[in-house]
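As structure tokens, the structure follows; a few thoughts come after it.
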Amino acid sequence: MADDRELRRYSNIGIAAIGVGAVISIVGFMAAHFTGLDTEDALGREIYPAIPRGWVYETLGQIVSLTGVLIVLGGITLAFLYQREMTWARASIGASVFVSLMMILFGIIPNEWLTLTQSTLEWTPQKIAFTIPPALVLNNQVDISYAAIKDIVSGTYSVVVLGAVAVGMYQYQEWAKRRREGPPPTPVSEYGRPLTKVDA
């Protein structure tokens, strides 16, 4: 367990990360919002002509905002949980951070990917990305649509992230177990002195 001075340092770094992450998240959100607006209002007047538009800018804004949120979650973990004795209050904070992270990884990111590809880019089954050379498929014509690529990316992402979360949680449990056990005890002689191995 860390001493009080080290815990204060973790708290200060974590609180600073929360502040920085919040600012980054707000900037990214504003960028995604304004770059996603229509270029004209209902009366045909141009809106914010100096602001660039397009799905690329909007997606970059979303990525920046997501990065800020992840920094906030990391700051909360460092400020209130890392190297501290677990209590019911800290367990509640940790559960909230974990659930928030899982919602981002398995809910928000896949949803934004599907929204981008289906609505904005219109990756439909009718749009053919490429055709497999007939020599590789017994002279048959096999077309791979953009919709298939979208689903492959989505499914692969879910499997990889699920595996990464499982491995990460296992590694964390092993690390916590080693930290609780501490270093192995040094054997001592019957006179109370540490034993050292002497080669014959």
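A few notes on this one:
- Cβ charges +1 (Lys, Arg) and -1 (Asp, Glu), total dipole of the chain, debye: 800 debye
- Placing a pseudo-label 7 Å from each Cα along the Cα-to-Cβ vector at residue 174 and residue 41 gives an inter-label distance of 6.1 nm.
- Taking each residue as 0.36 nm, the span from residue 23 to residue 108 lengthens on full extension beyond its C-alpha to C-alpha distance by 28.6 nm.
- Normalised contact order of the chain, rounded percent, pairs of Cα under 8 Å and 6 or more residues apart: 17 percent
- Of 83, 125, 157, farthest towards positive along the dipole that unit charges on Lys, Arg, Asp, Glu beta carbons give the range 39-177: 83
- Accessible surface of the range 86-148, 1.4 Å probe, proportion on carbon and sulfur as whole %: 66 percent
- Surface calculation, 1.4 Å probe, protein heavy atoms: residue 67 sits at approximately 60 Å² accessible.
- Within the range 148-184: backbone nitrogen closer than 14 Å to the residue 132 label point (7 Å, Cα to C-beta): 148-149
- Remark: the range 102-118, residue by residue, has Karplus-estimated 3J(HN,Hα) of 5, 5, 5, 5, 9, x, 6, 4, x, 5, 5, 5, 5, 5, 5, 6, 7 Hz, where x stands for each Gly or Pro and the curve is 6.51 cos²θ - 1.76 cosθ + 1.60 at θ = phi - 60°.
- For the chain, the 222 nm mean residue ellipticity estimated from helices alone, with every DSSP H stretch of n ≥ 4 adding -39500 (n - 2.57) and the total spread over all residues, rounds to -20500 deg cm²/dmol.
- Each of 138, 115, 66 was scored by the projection of its Cα onto the charge dipole of the chain, and the greatest displacement toward the positive side belongs to 66; charges sit on the C-beta of Lys, Arg, Asp and Glu.
- Peptide packing: for 96-109, 130-143, the average count of neighbouring Cβ atoms within 10 Å per residue gives the ranking 96-109, 130-143, highest mean first.
- Inter-site label distance for residue 89 and residue 67 at 7 Å from Cα along Cβ, in nm: 3.4 nm
- Using a Förster distance of 45 Å, the FRET efficiency for residue 34-residue 181 (Cβ separation, nearest 0.05): 0.25
- Rg and Dmax of the chain, Cα atoms only, in Å: 26.3, 96
- Against the empirical 2.2 N^0.38 Å (N residues), the range 123-182 has a Cα radius of gyration ratio of 2.01.
- A cut-off of 5 Å between modelled amide H atoms, ignoring neighbours fewer than 5 places along the same chain, links residue 145 with 129.
- For the pair the range 12-31 / the range 133-160, the C-alpha centres are spaced 39 Å from each other.
- Sequentially through the range 79-87, phi angles give Karplus couplings (6.51, -1.76, 1.60; θ = phi - 60°) of 6, 10, 10, 5, 6, 10, 5, 6, 10 Hz, Gly and Pro residues having no value and appearing as x.
- If you wrap the Cα atoms of the range 17-59 in a convex hull and average its projected area over all directions, you get 3.5 nm².
The values are calculated or read from the model by the stated rules, or taken from the named source; none is laboratory data. A quick note: this is a predicted structure, and the numbers were derived from the prediction, not measured. Note: ideal-geometry Cβ built from the backbone for every residue, glycine included; neighbour counts use all protein chains shown. Keep in mind that these areas ignore ligands, DNA and RNA; they rest on the heavy atoms of the full protein, side chains included. Shrake-Rupley method; radii C 1.70, N 1.55, O 1.52, S 1.80 Å.
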